[in-house]
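First the structure, in the form of structure tokens, and then the observations on it.
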Amino acid sequence: MWFIFAIGSAIFAALTSILAKVGIDGVNSNLATAIRTVVVVLMAWGMVFITNAQSGISEISKRSWLFLILSGLATGASWLCYYKALQMGEASKVVPIDKLSVVITLVMAFIFLHEQFTVHSVIGCILIGAGTLFLVM
């Protein structure tokens with residue numbers, strides 16, 4: 001089931017880039033990010049209430065709160081940079097560079113989470129990196 005959600009994530013991320021590129025025309029990138037964020041917040045909290053998950057708030061540990069807040073800050077910084085880059089550059093060049101996050105994530109997962117770095121991972125990282133360079137040239 002995780003694979004279906006991952007495919008959905010990729011499709012919606014692609015739609016996000018295209019829709020944002022059209023929507024950001026003539027709009028300050030920070031304002032556009034704020035508008036997008038409000039929509040995401042409303043949608044996320046809507047899902048919390050639809051699935052009746054709000055009771056779990058009191059069960060979240062301090063450690064989880066800390067890392068969720070840090071993750072939110074990283075997401076916000078990523079979105080602000082992404083929208084500014086998208087406003088200034090072509091979507092066909094910005095998006096591949098943004099997707100270098102896959103390579104960076106694999107390396108960080110190996111270093112910080114002690115996840116396995118396999119031959120497939122190394123080859124994949126090299127191919128993604130080379131593909132990104134090829135796309136933006």
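Here are some notes:
- Residues whose amide H comes within less than 5 Å of that of Glu115, counting only those at least five positions distant or on another chain, are Phe110 (H built at 1.01 Å from N in the peptide plane).
- Residue-wise HN-Hα coupling along the range 95-110, computed from phi with Karplus coefficients 6.51, -1.76, 1.60 (Hz; x: Gly, Pro): 4, x, 5, 4, 6, 4, 4, 4, 5, 4, 4, 4, 5, 5, 5, 5
- Helical mean residue ellipticity (222 nm; -39500 (n - 2.57) per DSSP H run of 4+; nearest 500) of the chain: -27000 deg cm²/dmol
- In order along the range 39-47, phi translates into HN-Hα couplings of 4, 4, 4, 4, 5, 5, 5, x, 5 Hz, rounded to whole numbers, per the Karplus curve 6.51 cos²θ - 1.76 cosθ + 1.60 with θ = phi - 60° and x for Gly and Pro.
- Between the range 89-115 and the range 38-83, the Cα center-to-center distance that results, in Å: 21
- From phi via Karplus (6.51, -1.76, 1.60), per-residue ³J(HN,Hα) for the range 125-136 in Hz, x at Gly/Pro: 4, 5, 5, 5, x, 5, x, 4, 4, 4, 5, 8
- Cross-link partners of Lys99 among lysines, defined as those whose alpha carbon lies under 30 angstrom from its own and excluding same-chain residues fewer than eight positions apart: Lys21, Lys84.
- Across the range 67-106, the residues whose backbone nitrogen lies under 13 Å from the label position 7 Å along the beta-carbon direction of Val41 are 73, 76.
Only the coordinates and a few stated rules stand behind these numbers; no lab work does. Predicted, not measured: the structure shown is a model, and the values here were computed from it. Glycine also receives a Cβ, built like all others from the backbone with ideal geometry; neighbour counts cover every protein chain displayed.
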